[in-house]
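Okay, structure first, notes after.
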Amino acid sequence: MKLPIHTAVIIHDEGTTQYVSASHGELIGRIGDWCREHWSSVSDDPPPENTRDLIDTYFYDNVEDSLEVTDDSIELPGPYAAALELFAALQEIADTPKPGEPDPCDRQSGQAPEPDTCQGTTARFHALIDKARVAIALASIPSVPRFTVFCQETCGGGTIHIDTHEAADLESAILAGKQQCIDDWSHGYKEGESPWTMESVHCLGVAAGDVEILHWKDQLP
């Protein structure tokens, strides 16, 4: 899946203002807010209510300022794509009126929108959209590698201890595996009497990820 990236660069007498948004509509809204904030440099009259008319009028009358809008996209891996698809679907539902009903937020219909109705249309899905944003954030967190660690007594006798751990690297996985082995084998011993230590437990090997053991017989009958 591709993530849309919409950017705007406004060059004005005070410098440069840049915006980056995930949707074209959101970007237009942010440009409109900037134009309203600086409308006094164009006219003393109230700014146009329609955002697109506002932007067109502002940059037509104020030739010293310029606006450049760019639409692009980047390819996303699976986890990011799934979260963004959910967000896009919820956003589309929130922005679309029910079939057969006029859009109460449509300012181009010739009728003034009713604020309470307009707010209710989007508020219904506000919580769901927030959850989608959280899903996107969680998808962006790098996952911690998992390792399956095999341990045995240093002398080579006894059974094999197998467990899976999350660790930053191989060395950390070995330490975690040995410590878990020590803790498990020390169960039932009084404090300080367990013979199991980092020196008496040996790491036989480490496998990447989770390993499902279907059969294991480390001692002959």
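Every number in this text was worked out from the coordinates using simple rules, so none of it is lab data. No experiment lies behind these values; they were computed from the predicted model shown. Every residue, glycine among them, receives a Cβ derived from its backbone with ideal geometry; neighbour counts consider all protein chains shown.
Could you check the stretch 1-48 and list, in sequence order, the residues that are in a strand (DSSP E or B), free of Cβ contacts under 8 Å to residues at least 40 places away in the same chain and surrounded by 14 or more Cβ atoms within 10 Å (Cβ to Cβ)?
17, 19, 21 - these are the residues of the stretch 1-48 that are in a strand (DSSP E or B), free of Cβ contacts under 8 Å to residues at least 40 places away in the same chain and surrounded by 14 or more Cβ atoms within 10 Å (Cβ to Cβ).
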Could you check the stretch 164-221 and list, in sequence order, the residues that are surrounded by 12 or more Cβ atoms within 10 Å (Cβ to Cβ) and among the polar types (S, T, N, Q)?
164, 172, 179, 180, 186, 194, 200
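When only residues in the stretch 49-62 that are touching a Ser or Thr at 6+ places or on another chain (Cβ under 8 Å) and part of a helix (DSSP H, G or I) count, which is farthest from residue 72 (Cα to Cα)?
If we filter the stretch 49-62 for residues that are touching a Ser or Thr at 6+ places or on another chain (Cβ under 8 Å), which is where we start, we get 59, 61-62.
Subset that is part of a helix (DSSP H, G or I): 59, 61.
Numbers: 59: 23, 61: 28 Å.
The residue in question is 61.
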